[in-house]
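Read-outs throughout are calculated quantities, based only on the coordinates presented, and are distinct from any laboratory measurement. Note that the structure is a prediction, hence the values are computed from the model and not measured. Cβ placement follows ideal geometry from the backbone for every residue including glycine, while neighbour counts extend to all protein chains displayed.
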Amino acid sequence: MNVLLLEKIHSIAARSLRAQGLQITTVNKSLAGDELLKATRTVVALGIRSKTRVTAEVISNAKDLLSVTCFCIGSDQVDMDACTERGIVVFNAPYSNTRSVSELTLGHIIMLMRGVIDSNAAMHQGTWKKSANHSNEVRGKTLGIVGYGHIGSQISILAEALGMEVLFYDIRESLALGNARRVRSLKELLKLSDVVTLHVPDTAATRMMIGPAELRAMKKGSVLINTSRGKVVKIDALKDALLKKHLRGAAIDVFPNEPGSNGPGWDCPLRGFPNVILTPHIAGSTMEAQREIGASASAKLTRFLTEGTTTGSLNFPQMELPPLERRHRIIHVHKNVPGVISHIGSVLKRHKINIEGQHLETTDKLGYLVTDIDHPVKGGLLQDLTATPNTIRVRVLY
Ligand code: NAI
């Protein structure tokens with residue numbers, strides 16, 4: 001089975017897929033147009049990062065394609081509907097950079113509380129400015145976390161280890177870790193925290209969730225960190241709060257408009273502030289996160305190709321399957337409409353198939369039926385299953 005990995009995916013992915021006997025081709029850049037169509041014509045799996053656009057044309061051209069695996073967090077670059085219609089599973093690697101974001105956030109908090117950005121700039125300009133003024137330990141300070149998901153809760157643990165008091169606000173019920181305390185409203189969190197850090201997704205409710213009123217509600221002399229999504233903070237309002245010295249400082253890693261490629265010409269109203277850390281959306285970008293993405297996405301792909309497991313997929317019913325041991329497995333992907341299962345049942349009966357195990361999971365659009373049998377598939381069974389109305393794809397694992 002041929003697998004194509006584009007865009008310099010971490011080498012651990014190719015290594016682990018090769019160990020499964022798969023034929024791996026790696027290309028260190030993204031492909032597009034005819035180059036991509038040609039390269040994907042005979043592959044069973046395509047691995048990409050964020051730059052390769054997997055369009056409906058690519059999908060319909062890649063006749064053998066079983067999976068598109070995004071070795072990154074996002075999956076907007078893939079035409080998900082086209083994949084679902086063709087019975088192609090899509091995976092990604094969320095949460096592989098949770099620790100990286102958490103560590104940088106803590107780094108930002110300490111740098112801001114100690115005024116390091118300002119001292120560093122002064123030193124580079126040849127000025128020695130030793131002072132304890134406006135320099136504080138984080139121990140005993142209150143950290144307010146907005147969004148207590150994977151990253152927010154990881155930061156909660158690390159911040160407590162540094163002696164911070166942790167408060168959090170989340171719209172979802174979630175277990176408070178360690179001594180962290182949930183607060184009832186964003187306003188309460190803003191009022192009580194020395195440091196506010198944002199870890200929410202980009203939704204209609206979070207867009208511009210930190211504007212002039214919220215910044216005014218923050219404690220005087222507190223700091224704001226945003227490593228979540230650019231549209232969560234109103235940048236002009238933050239600039240105002242900094243100019244008025246209501247906030248001690250801020251660290252911003254994500255911006256409402258981020259350029260598509262590296263290079264000069266970037267601008268933002270927060271440039272030039274001595275107490276603001278600006279980073280180019282790198283909170284999650286570490287070698288460790290890249291390795292973890294490579295390992296976790298290739299593990300999902302391997303289990304899908306060798307066992308049919310779909311756990312963690314973005315468009316298929318979730319199914320956790322045991323490894324194949326002295327069995328043969330028929331995977332039937334179909335439209336989720338009435339009558340398909342009984343039709344398949346009658347085909348299996350007609351072929352006198354002894355079923356050892358059978359599992360069905362569905363989404364709105366798809367049905368995923370896995371049938372384990374004790375004998376190899378033969379005698380036209382595959383053709384008959386493929387001819388069953390509403391079948392999208394049939395795959396046999398030996
Ligand atoms: P997650 O999905 O695990 O957690 C998000 C949390 O926010 C959830 O608990 C959710 O209930 C909560 N939430 C949603 N809407 C809310 C609202 N209106 N008010 C309060 N809480 C709300 O996500 P994860 O992995 O923790 O990521 C958090 C953010 O970090 C995401 O926006 C993600 O895109 C961003 N991120 C940024 C990176 C970077 O390099 N700067 C890298 C990785 C993630």
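A few remarks follow.
- As a rough guide to protection, the peptides 35-41, 250-256 ranked by mean Cβ packing within 10 Å, highest first, stand as 250-256, 35-41.
- Distant-in-sequence amide contacts of Cys72, defined by a placed amide H-H separation under 5 Å and a gap of 5 or more residues or a different chain, comprise Ala93.
- 20 Å Cα-Cα threshold exceeded, pairs from Lys300/Lys365; Lys219/Lys245; Lys220/Lys245; Lys300/Lys335: Lys300/Lys365; Lys300/Lys335
- Computed extension gain for Ala161 through Arg139, at 0.36 nm per residue and net of the alpha carbon distance, reaches 7.0 nm.
- Under a 5 Å amide H cut-off, with hydrogens placed 1.01 Å from N, Asp202 pairs with nothing among residues at least 5 apart or on other chains.
- Kyte-Doolittle mean at least -0.5 and Cα axial length at least 27 Å: DSSP H helices in the chain: 287-307
- Normalised Debye scattering of the chain at q = 0.10, 0.11, 0.14 Å⁻¹ gives log10 I(q)/I(0) of -0.78, -0.89, -1.16, counting only Cα atoms as equal scatterers and leaving out solvent.
- Note on Arg207 and Lys352: the extension gain reaches 46.4 nm, defined as 0.36 nm multiplied by sequence separation minus the Cα-Cα distance.
- Dipole in debye (nearest 20) - the chain, about Cα centre, beta carbon charges: Lys, Arg +1; Asp, Glu -1: 500 debye
- For the chain, share of DSSP beta bridges that run antiparallel, in % to the nearest 5: 35 percent
- For Thr26, residues with placed amide H under 5 Å, excluding near neighbours: Leu5
- Of the trypsin sites (Lys or Arg not before Pro) in region 213-300, the ones in a loop by DSSP (not H, G, I, E or B) with at most 12 other beta carbons within 10 Å are Lys220, Lys244, Lys245, Arg271.
- Look at where the Cα atoms of region 250-325 and of region 353-398 average out, and the two centres are 34 Å apart.
- Computed log₁₀ I(q)/I(0) - Debye formula, equal Cα scatterers, no solvent, region 98-278, q 0.08, 0.12, 0.14 Å⁻¹: -0.24, -0.54, -0.74
- Rounded FRET efficiency, nearest 0.05, which uses the C-beta distance separating Arg41 from Ser261 and R0 of 22 Å: 0.15
- Most mobile listed residue (Asn97, Asn136, Asn275) in the chain, GNM with C-alpha springs under 10 Å: Asn136
- Here is the tail figure for region 324-398: Cα pairs spaced more than 19 Å apart come to 26 percent of all pairs.
- With 0.36 nm allotted per residue and the present C-alpha distance subtracted, the Val27-Ile341 stretch has 108.9 nm of extension available.
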